[in-house]
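Quick notes on the structure that follows.
The values are calculated or read from the model by the stated rules, or taken from the named source; none is laboratory data. Computed from a prediction, not measured in an experiment: that's the story for all the values here. For neighbour counting, all protein chains shown are included, and Cβ atoms are generated from backbone atoms with ideal geometry for every residue, glycine included.
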Amino acid sequence: MGLNVDDLSHEELVDAYRQLEEQVSQLGRNCELQRRQIKAIGRLTTRSTQVAELSKELNTIDIDEVVRIAVAQMPHLFTARYCSIFLYDYEINSLILKSHNHSEPISEEISLSKQPDTLMAIAVAADQPLLVENIDDFEETRGKAIERLKSDKYLTNSCLICPLMVGSGDSQRRVMGVLNLADRADGKSFDRDDLNVAIQLSELLGTAISTSLLVNEMRSLAETDGLTRLANHRVFREALEREVRRNDRYGTCFSLVMMDIDHFKRFNDEHGHLAGDHVLQQVSRAVRHTVREGIDLPARYGGEEFGVILPETGLTGAIAAGERLRSAVESAETGFRGESLNVTISVGLAEYNKGMTGSEFIDSADKALYQAKRSGRNQVFYWDSESGEPRLAPLISGTGAQASG
Ligand code: GH3
Ligand code: MG
Ligand code: MG
């Protein structure tokens with residue numbers, strides 16, 4: 001039944017008109033709300049796609065790469081100006097800066113025990129992302145000052161701190177690091193949508209970091225000797241073969257030092273195997289600290305034998321290195337359970353000659369080592385390729401005196 005306008009009084013007409021007006025404006029408000037919801041859903045969908053793409057990219061076992069990708073992508077995902085990632089170091093209970101996009105240096109280390117009032121420590125303690133819409137309000141509700149990453153460049157008072165977690169359940173759950181985001185590029189505060197994305201990321205990044213650390217650890221276990229932490233025999237042989245190929249191709253020089261602890265069987269018999277193991281560790285330390293870090297490759301070749309590959313090193317340099325090694329072991333502090341114990345090593349070395357195989361090369365350094373043993377031990381011999389015989393290494397100035405036997 002239709003409404004006949006002619007039957008209505010003036011007041012009723014005005015009333016009906018007001019109702020209509022109210023309905024139209026309600027409709028308008030609903031439309032606006034829906035428009036905003038659709039926009040938000042659109043934004044969330046885009047971000048979900050971005051998160052999914054990021055998760056594919058993070059499928060790498062290189063920890064540096066994981067962090068690099070994250071720092072490069074986060075500013076887009078959150079339209080944030082600043083991003084930094086800290087990794088958790090269990091031994092010192094601290095967060096260590098791994099990567100950031102700030103133009104100036106920022107704090108390198110945050111101790112969770114000594115700096116509990118930092119945003120990162122608060123977020124880690126709460127085990128969830130911390131959305132700070134306004135740092136001043138946040139401080140007021142907490143009733144104390146907050147230590148922020150030092151920077152004068154922040155344009156807003158808002159940041160999002162996201163602990164990177166792995167595992168589920170109280171006993172399994174571990175913190176791997178923290179992602180910090182500051183300053184939304186649009187000048188607004190981070191919001192609940194950002195927080196939801198941060199929650200997804202917390203697990204994603206935490207797992208990626210944990211996996212790459214685990215793989216690194218396994219690789220390190222497979223490549224190093226358990227007692228001495230030096231490279232093992234396999235890694236040494238592979239590196240030697242690589243260096244042989246490189247040398248044959250590019251014609252640079254390289255040398256090899258082989259070392260063996262003197263009378264070590266007797267040492268074990270007199271002091272026991274535990275003392276022997278301890279001495280092996282101390283000798284390895286001395287060797288590691290005597291060679292060029294990141295250039296030379298020191299390895300445990302066998303029981304009490306060590307080898308060092310010296311890239312880009314000719315005979316003279318190798319003789320100097322051999323003498324430094326001999327002298328470092330002789331003077332190393334190898335005490336065990338209050339007893340002062342000393343060992344010496346005999347050293348044989350050789351410079352690589354083009355065309356030699358890896359085994360032939362080891363053999364020539366071994367012959368020099370054998371001669372060092374025969375000549376009284378605690379000495380350095382080198383392989384003289386011209387005469388095809390081992391010779392006592394001459395004193396090279398600056399390398400200290402050659403031991404007499
Ligand atoms: P030389 O001066 O001629 O080298 O005499 P040596 O007694 O050192 O030589 P030999 O090869 O006869 O003995 C090596 C000894 O090294 C035998 C073994 O007891 C000891 N050794 C090898 N590996 C280990 C280890 O991992 N721990 C301990 N404690 N001893 C080891
Ligand atoms: Mg031996
Ligand atoms: Mg020996």
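A few notes on this one:
- Residues that are hydroxyl-bearing (Ser, Thr, Tyr) and either within 16 Å of ligand 1 (Cβ to nearest atom) or closer than 12 Å to Tyr301 by Cα (or both), drawn from segment 232-259: none
- Qualifying position, being within 30 Å of Glu293 (Cβ to Cβ) and touching a Pro at 6+ places or on another chain (Cβ under 6 Å), among Leu240, Leu221, Leu213, Leu230: Leu230
- Evaluation of Thr60 against (1) part of a loop (DSSP other than H, G, I, E, B); (2) modelled with pLDDT of 90 or more (one fails), failing number: (2)
- Filter result for Ile345 (of a type in the set (A, V, I, L, M, F, W, C) and within 16 Å of ligand 2 (Cβ to nearest atom)): yes
- Of all residues in segment 260-296, those that are more than 7 Å from ligand 1 (Cβ to nearest atom) and basic (Lys, Arg) total 3.
- Which listed residue, of Gln19, Gln50, is of a type in the set (S, T, N, Q) and outside the structural domain of Thr118 (by TED's automatic domain parsing): Gln19
- When segment 273-325 is limited to residues that are of a type in the set (D, E, K, R), within 16 Å of ligand 3 (Cβ to nearest atom) and within 19 Å of Ile362 (Cβ to Cβ), the one that is surrounded by the fewest Cβ atoms within 10 Å (Cβ to Cβ) turns out to be Glu305.
- Leu87 assigned to a strand (DSSP E or B), touching an Asp or Glu at 6+ places or on another chain (Cβ under 9 Å) and modelled with pLDDT of 90 or more: no
- Boolean, Asp260 is in contact with a Leu (Cβ under 9 Å, 6 or more places away or on another chain) and in a helix (DSSP H, G or I): no
- Any hit, segment 240-259, residues being buried (at least 16 other Cβ atoms within 10 Å of the Cβ), free of Cβ contacts under 8 Å to residues at least 60 places away in the same chain, away from ligand 2 (no atom under 16 Å from the Cβ) and of a type in the set (Gly, Ala, Ser): no
- Some residue of segment 327-337 being farther than 20 Å from Asp277 by Cβ and either out of contact with any helix residue (DSSP H, G or I) (no Cβ under 8 Å at 6 or more places or on another chain) or within 16 Å of ligand 3 (Cβ to nearest atom) (or both): yes
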